[in-house]
2 protein chains.
Amino acid sequence: MSTRNPFEARDVTSRRGGPVKKPLSRDAIVTVALDLLTREGLEGMSLRKVAAALETGPASLYAYVDDLRELQTLVFDRALADVTIPREPLRDWRSRLASLLESYITILARSSGLAQLAMNTIAAGPNALRIIEALLCLLDEAGVDQSTAAWAADLLSLYATAIAAEQSHRKENGDPLGPLVRMLGSVSQPEFPRIHASREQLVSGQGLERFDWAIEVLLKGVLQTPRQSHDGSVSPVEKGSHRRARHA
Amino acid sequence: MSTRNPFEARDVTSRRGGPVKKPLSRDAIVTVALDLLTREGLEGMSLRKVAAALETGPASLYAYVDDLRELQTLVFDRALADVTIPREPLRDWRSRLASLLESYITILARSSGLAQLAMNTIAAGPNALRIIEALLCLLDEAGVDQSTAAWAADLLSLYATAIAAEQSHRKENGDPLGPLVRMLGSVSQPEFPRIHASREQLVSGQGLERFDWAIEVLLKGVLQTPRQSHDGSVSPVEKGSHRRARHA
DNA sequence: ATTCGACACGAACGGCGTTTGTCAGGAGAC
DNA sequence: GTCTCCTGACAAACGCCGTTCGTGTCGAAT
């Protein structure tokens with residue numbers, strides 16, 4: 001596998017063409033693949049199926065992507081293009097941050113295929129960067145120092161991805177709660193007393209309710225937990241230099 | 001696929017046996033599969049490979065597991081058997097909780113195969129329940145009400161799983177930081193100024209450092225964010241009843 | 001002794017990702 | 001204009017996968 005940056009578009013000029021079939025392009029491949037992923041899940045996005053949808057053979061795709069993994073990465077970033085970055089200047093950062101994460105989760109939870117892909121793919125494309133940049137801006141606006149914000153952005157996106165996967169998994173099963181509820185329902189009280197007592201709460205809070213609580217938790221925690229300096233203490237001088245850097 | 005509880009051991013008496021081959025058993029299958037997963041990743045745990053390691057054919061495994069998915073679920077829970085639940089009564093809950101999560105992350109991050117499996121599998125087996133029960137106990141000891149603890153346990157385990165996956169992914173690549181660093185290193189400053197400024201911090205803090213900070217964040221947040229009751233307020237009466245239930 | 005149920009497992013089916021090799025078309029050089 | 005080279009297009013093939021089907025064997029029950 002090459003070390004070429006997969007997000008730089010190769011200038012490939014399609015040699016195929018004619019009155020009947022459209023020329024292939026990476027854009028078309030990613031578009032079709034995302035559609036298949038959304039409708040049929042990760043297994044529905046095989047190279048064969050993508051190629052068939054484009055009326056060609058799977059080997060043709062290798063002129064545009066190195067392998068399936070690269071296609072998956074491109075598809076994931078393409079999906080993130082739909083995430084809305086809130087930009088109203090009069091709106092408080094907290095609300096905008098919650099909206100950003102909510103949009104992210106909504107996009108990912110749209111289909112279990114996408115959520116599953118997100119759980120296994122490093123988000124490093126232009127759209128992912130757009131989102132991280134927005135997170136960092138919002139955290140800065142919240143008064144979080146740059147160093148802490150870096151880790152907080154990671155924490156928030158990790159959690160958002162995990163929540164999206166959880167929601168999409170529940171959405172996928174006709175029985176929305178599925179095997180987990182069956183397991184919790186059959187838990188023996190002497191063996192697992194607290195689980196037994198909490199079994200309804202463990203699966204409660206679908207959609208926004210649990211998300212809202214969790215964002216509260218994460219933001220409260222982040223705002224009160226600046227990253228420690230190397231000697232383990234948070235010094236007022238460090239805070240001061242943070243403020244100066246901001247106006248540079 | 002049946003609705004049988006996969007964690008209840010089927011009483012299967014092996015009909016195969018003899019001086020040369022050991023009788024198959026579910027335990028042996030799961031053990032071999034976990035070993036293969038650890039050494040060769042998720043793709044290394046195919047039914048064919050597991051069967052070959054047991055000197056049989058893949059079809060033989062269907063007497064013991066319904067399908068590959070069930071085997072994966074069993075393997076995941078088996079791996080969680082190694083998670084250490086801290087039980088020293090004189091040790092404070094915070095320290096024990098951090099140790100529990102650290103043990104969980106260590107086990108999962110042991111191999112990228114296991115971490116990947118954890119990202120795609122609902123933890124609902126006996127060992128997973130053991131961990132959730134311990135989390136709930138510790139949160140109770142921290143003074144967190146039952147309702148909030150239910151969600152907090154979920155939040156903590158989601159995050160721990162995601163961190164483990166992140167760590168295992170980095171561990172797997174010889175270049176421990178890999179494509180993400182390359183991407184961050186080539187980010188353009190005018191387009192993504194905050195990412196550019198934070199690019200080193202975004203990937204800093206391997207191992208315990210970032211984990212310790214994140215646990216601080218999550219615990220601070222949880223302790224200050226009880227779940228709202230249905231009418232949106234937290235009432236002292238509700239806290240009272242929580243305390244009474246505790247001594248019941 | 002006979003029958004039944006279930007483990008054991010090879011063969012086969014349909015599917016996958018990827019590589020190899022051939023063809024055809026376009027660009028560039030002469 | 002002709003020739004050569006490069007590259008997109010893509011069929012065929014390879015090796016691998018999960019699962020089903022069918023057959024054989026053995027032990028328990030009658």
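The values are calculated or read from the model by the stated rules, or taken from the named source; none is laboratory data. Everything numeric here is computed off the predicted structure, so don't read it as measured data. With ideal geometry, Cβ positions are generated from the backbone for all residues, glycine too; neighbour counts draw on all protein chains shown. For accessibility, only protein heavy atoms count, side chains too; no ligands or nucleic acids. Shrake-Rupley method; radii C 1.70, N 1.55, O 1.52, S 1.80 Å.
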Q. Tell me, what HN-Hα J-couplings in whole Hz come from the Karplus equation 6.51 cos²θ - 1.76 cosθ + 1.60 at θ = phi - 60° for each residue of region B:67-76, using x for Gly and Pro?
A. 6, 4, 4, 5, 4, 4, 4, 5, 5, 4
Q. Applying the Karplus parametrisation 6.51 cos²θ - 1.76 cosθ + 1.60 with θ = phi - 60° to the phi angles of region B:36-47, what ³J(HN,Hα) value in whole Hz is obtained for each residue in order, glycine and proline being reported as x?
A. 5, 4, 5, 8, 10, x, 4, 5, x, 9, 5, 4
Q) Quick one: putting +1 on the C-beta of Lys and Arg, -1 on the C-beta of Asp and Glu, what dipole do you get for region B:93-224 around its Cα centre, in Debye to the nearest 20? A) 280
Q) Can you give the accessible area buried between chains B and A, summed over both chains, with a 1.4 Å probe, in Å² to the nearest 100? A) 5400
Q. How many Å² of accessible area per residue for region B:26-65, probe 1.4 Å?
A. 47
Q: Compute the FRET efficiency between B:Arg87 and B:Leu208 as 1/(1 + (r/R0)^6), taking r as their Cβ-Cβ distance and R0 = 22 Å, and round to the nearest 0.05.
A: 0.50
Q: Can you figure out the FRET efficiency of A:Lys22 with B:Asp66, using R₀ = 41 Å and their beta-carbon distance, to the nearest 0.05?
A: 0.40
Q.
Can you give me the C-alpha center-to-center distance between region B:30-71 and region A:30-60, rounded to a whole angstrom?
A. 29
Q) Got a sec? Charge dipole of region B:93-224, +1 on Cβ for Lys and Arg, -1 for Asp and Glu; which of B:Trp93, B:Val203, B:Leu114 is way out at the positive end? A) B:Val203
Q) DSSP loop trypsin sites (Lys or Arg not before Pro) in region A:52-113 with at most 15 other Cβ atoms within 10 Å of their Cβ, which ones? A) A:Arg87, A:Arg91
**Q.** Protein accessible area in region B:93-224, 1.4 Å probe - carbon and sulfur %
**A.** 54
Q) What percent does the relative contact order of region B:93-224 come to when contacts are Cα pairs within less than 8 Å and at least six residues apart? A) 29
Q. Got the relative contact order for region B:26-65 handy, in percent, Cα pairs under 8 Å and 6 or more residues apart?
A. 36
Q: Shortest first and in nm with one decimal, please list how far the B:Pro190 label point sits from its counterparts in the other copies (point 7 Å along Cα→Cβ).
A: 7.3
**Q.** In sequence order, calculated HN-Hα J values of region A:115-126 (Karplus, 6.51, -1.76, 1.60; Hz; x Gly/Pro)
**A.** 4, 4, 4, 4, 5, 10, 10, 6, 7, 9, x, x
